[in-house]
1. Once you put a point 7 Å from the Cα of Glu220 and another 7 Å from the Cα of Gln182, both along the Cβ direction, what distance in nm separates them?
2. Bin width 10 Å, alpha-carbon pairs only: give the P(r) of the stretch 54-188 as whole percents, running from 0 to the bin holding the largest distance.
3. If you line up the Cα atoms of the stretch 326-393 on their principal axes, what length do they span on each, largest first, in Å?
4. Based on alpha-carbon atoms only, what is the radius of gyration of the chain relative to the globular estimate 2.2 N^0.38 Å?
5. Which residue, Ala200, Ala403, Ala133, tops the fluctuation ranking in a GNM of the chain built on C-alpha contacts under 10 Å?
6. When the chain is treated as a GNM, springs tying every alpha-carbon pair under 10 Å, which of Gly79, Gly255, Gly298 comes out with the largest mean-square fluctuation?
7. Can you work out the FRET efficiency for the pair Ala170 and Ile293, with r the C-beta to C-beta distance and R0 = 22 Å, to the nearest 0.05?
8. Would you list the P(r) distribution for the stretch 183-249, with all Cα-Cα distances sorted into 5 Å bins from 0 and each bin expressed as a whole %?
Amino acid sequence: MSETRIGLLGYGTVGSAVHRLLGEGGEAIARVTGGPVTVSAALVRDPAHRPSAPAGLLTTDFARLRDDPEISVVAEVMGGIEPTRTHLLELMAAGKSIVSANKQLLARHGEELFTAAESHGVQLRFEASVCAAIPVVKVLRESLIVSGVHRIDGIVNGTTNFILTRMVAAGASYQDALREAQALGYAEADPTEDVTGADAAAKIAILASIAFHTRVRTDEVNHVGIDGLDLEDVTHAAELGYQVKLIASAMRVDGSVVARVHPCLLDGDHPLASVQGAFNAVMLRGRSIREVILEGPGAGGEETATAVIGDLLAVIGTSGTGFLQHDGYYRELHRLPLEELRSPFYLRFTVDDEPGVLAQVAKALADESVSVARVVQHDGEGVHIVILTHTAREGSVRAAAGAVSRLGFSRSAPVVLPVLERSS
Ligand SMILES: NC(=O)c1ccc[n+]([C@@H]2O[C@H](COP(=O)([O-])OP(=O)(O)OC[C@H]3O[C@@H](n4cnc5c(N)ncnc54)[C@H](OP(=O)(O)O)[C@@H]3O)[C@@H](O)[C@H]2O)c1
């Protein structure tokens, strides 16, 4: 098995998570790529900032990564524009492919970086730069090339979505919701990039560029943030059945392109209206795909690291024999019996209209430790007793339903349907 050696520019929140997840996923990675992937060195400003890093891994000497012929791919997770841009140009000139999580760098200097990648015959991948764990870049760049995507609408900034969610749910003012976001670590001490829409503008510039195959620059994206938004307007909108969200949009209209970031009212049944808290979501519309919606965590060290690793493995897997030649199914796992699955359940019993029936149904459920959340009774052709349970073991619910069906008052087999909850 051939080993792939990589370098990290940065060993902070994302970089250290990349290192840890590469280790934890080592067996699966080796199976799909054909060999282990190991980190040779990680560039930092000061190793004293990262006391838990393994000895010998951290360096302040960029040349150690650039001049190591064994390092074939480098993940850039240090952020900033300079010296990052110069480092990437030098690494590509040295024949190394790059994976970057840096939206501002990509949005501002993408053209120069891609030209360098092409001329040096290396790859430049940047999934983690937009919406962290959501694989929207790969979907747009690789899966939907001929789908005729003509419109993108997204909630691409978790900080502002968290603030807006709190304004609606708790009636908090913008300032109070921002303070709460900072206390919980969802907002930086200086939240300017997020709340002014500048962060979302860089992300929609990247998405518009890859969707429409034309370079859309960040400074072309008109952006209005949520920093001037009044609680009154959020409340009035809610009364009218609308949610206020910070929406980043890009569209192609009759051969023209436009991208913007703006607080918008969304109808209550719009798919993006239900995106709560720090989550992100992107809705893609195109001729052949109609509507594709991707939703998930848009930030966080481990979440972002998964996207960085996905890109690293794509680079490694598309060179040489590549991972497509390897059998990714390499282990046997125990099968969990369906009876052990847990969720709330909907139950319907059709019974004779007799006194004491409800009590016997309740007892059958209690005997199996199934607790009842709601009961509704409908009269008609036989009485329908409809029960919503709390979370319970499927085997216990089915045993209780079976016990009820054997009682004399049951007119037909009970209906048992699991309830799929968002949190399950
Ligand atoms: N965190 C997230 O949730 C998230 C989500 C999406 C994208 N991103 C992007 O991922 C990148 C990294 O973010 P992060 O949160 O991991 O940042 P971070 O925790 O601040 O870590 C940055 C790392 O880069 C190193 N570094 C910074 N400037 C350097 C320089 N000039 N020379 C050498 N090393 C330098 C730092 O060195 P020291 O160790 O010495 O401080 C640190 O190890 C950024 O581009 C960010 O926008 C982050």
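FYI, it's all coordinate maths here, none of it is from the lab. Because the structure is a prediction, the values reported are computed rather than measured. No Cβ is skipped: glycine too gets one built from the backbone with ideal geometry, and neighbour counts run over all protein chains shown.
1. Placing both labels 7 Å along Cα→Cβ, they lie 3.6 nm apart.
2. Final binned percentages: 10, 30, 28, 21, 10, 1.
3. 64, 25, 17
4. Numbers: Rg = 26.7 Å, N = 424, 2.2 N^0.38 = 21.9 Å.
For the chain, the normalised Cα radius of gyration is 1.22.
5. Maximum among the listed residues: Ala403.
6. Its mean-square fluctuation being the largest, the pick is Gly255.
7. It comes out at approximately 0.25.
8. Per 5 Å bin, starting at 0, the Cα pair percentages come out as 3, 16, 18, 18, 18, 14, 9, 3, 0.
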